[in-house]
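Here is the structure we will look at, set down as C-alpha cells.
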Amino acid sequence: MKSKNGENKTEISQRIAEIKTFFCNGNNGEFAQKLGVTEQYASNISNGTKSTGQKLLDKILEVFPEVSKSWLYFGVGEMLVATTEPREAESIDPQPIRKVSDDAQTIANLNDYIKVLKGRIAQLEEQLASEREKATSSLGKTKEESILQ
C-alpha cells in the first residue's frame, strides 16, 4: 500500500518507529503523549496498520525538530538534521540517550548531537566566567571606594 507521497506505508512507519525508539526509548505511551494522540493510534502508525497523513508528519517534525523532513517523508539522508545551535537546555530531553542502538548510524548521530551540546556547554561556561569576572571586579571597586571614604 502506498502513502500520499507514493512511498510504501511500511517504510514511513519504520521511520516513525525509529523516531519513537530514539526519542522515547520505544515507550509508546510517551510517544503518544508527545504527539497528542492515543496510544493505540501511536502504535498503529509505528507498526504500519494506520496510514500517516501530512498533518501527522508535520506534527512529528514540530515535536521532534531534530528530525530531518526529507528523511521522514522520503527516507533520504540522515534521521537527524545537523544543527549549529542546540535547543535551550530546559527543552533537551536526556531520555533518548538511555538506550543506544547498536546501529552505527544512530551512534554517529548521537556523537554529532553530543558535539553540539559540548559546544553549547563551552559557550555557557565562557559566559559564566565573564559574569563572575564582572561581579568580582565591581565588588573589588566597592570595597576600595568604601575604604577611601
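Could you list, in sequence order, all residues of the stretch 38-49 that are crowded, with 17+ Cβ neighbours inside 10 Å and either touching a Leu at 6+ places or on another chain (Cβ under 8 Å) or assigned to a loop (DSSP other than H, G, I, E, B) (or both)?
In the first step, residues of the stretch 38-49 are kept if they are crowded, with 17+ Cβ neighbours inside 10 Å; the result is 42-43, 45-46, 48.
Scanning the stretch 38-49 gives ALA42, ILE45, GLY48.
Would you mind telling me which numbered condition in (1) modelled with pLDDT of 90 or more; (2) open to solvent by 20 Å² or more (accessible area, probe 1.4 Å) VAL67 fails?
Only one criterion in (1) modelled with pLDDT of 90 or more; (2) open to solvent by 20 Å² or more (accessible area, probe 1.4 Å) is unmet by VAL67, namely (2).
(1) part of a helix (DSSP H, G or I); (2) at pLDDT below 90; (3) acidic (Asp, Glu); (4) touching a helix residue (DSSP H, G or I) at 6+ places or on another chain (Cβ under 8 Å): which one isn't true of GLU30, the others all being true?
(2)
Only one residue in GLU145, GLU126 is of a type in the set (Asp, Glu), at pLDDT below 85 and open to solvent by 50 Å² or more (accessible area, probe 1.4 Å). Which one?
GLU145
Could you tell me whether the stretch 83-92 includes any residue that is at pLDDT 80 or above, in contact with a helix residue (DSSP H, G or I) (Cβ under 9 Å, 6 or more places away or on another chain) and among the acidic types (Asp, Glu)?
Within the stretch 83-92, the first condition is being at pLDDT 80 or above, and the residues that meet it are none.
No: zero hits.
Looking at (1) farther than 28 Å from ASN111 by Cα; (2) open to solvent by 20 Å² or more (accessible area, probe 1.4 Å); (3) touching a residue at least 40 places away in the same chain (Cβ under 8 Å), which is the one condition that is false for THR52?
(2)
The values are calculated or read from the model by the stated rules, or taken from the named source; none is laboratory data. Fair warning: this is a prediction, and the values are worked out from it, not measured in the lab. In this analysis, Cβ positions are derived from the backbone assuming ideal geometry, glycine residues included, and neighbour counts consider all displayed protein chains. Note: accessible area is taken over every heavy atom of the protein model, side chains too, but ligands, DNA and RNA are not part of it. Shrake-Rupley method; radii C 1.70, N 1.55, O 1.52, S 1.80 Å.
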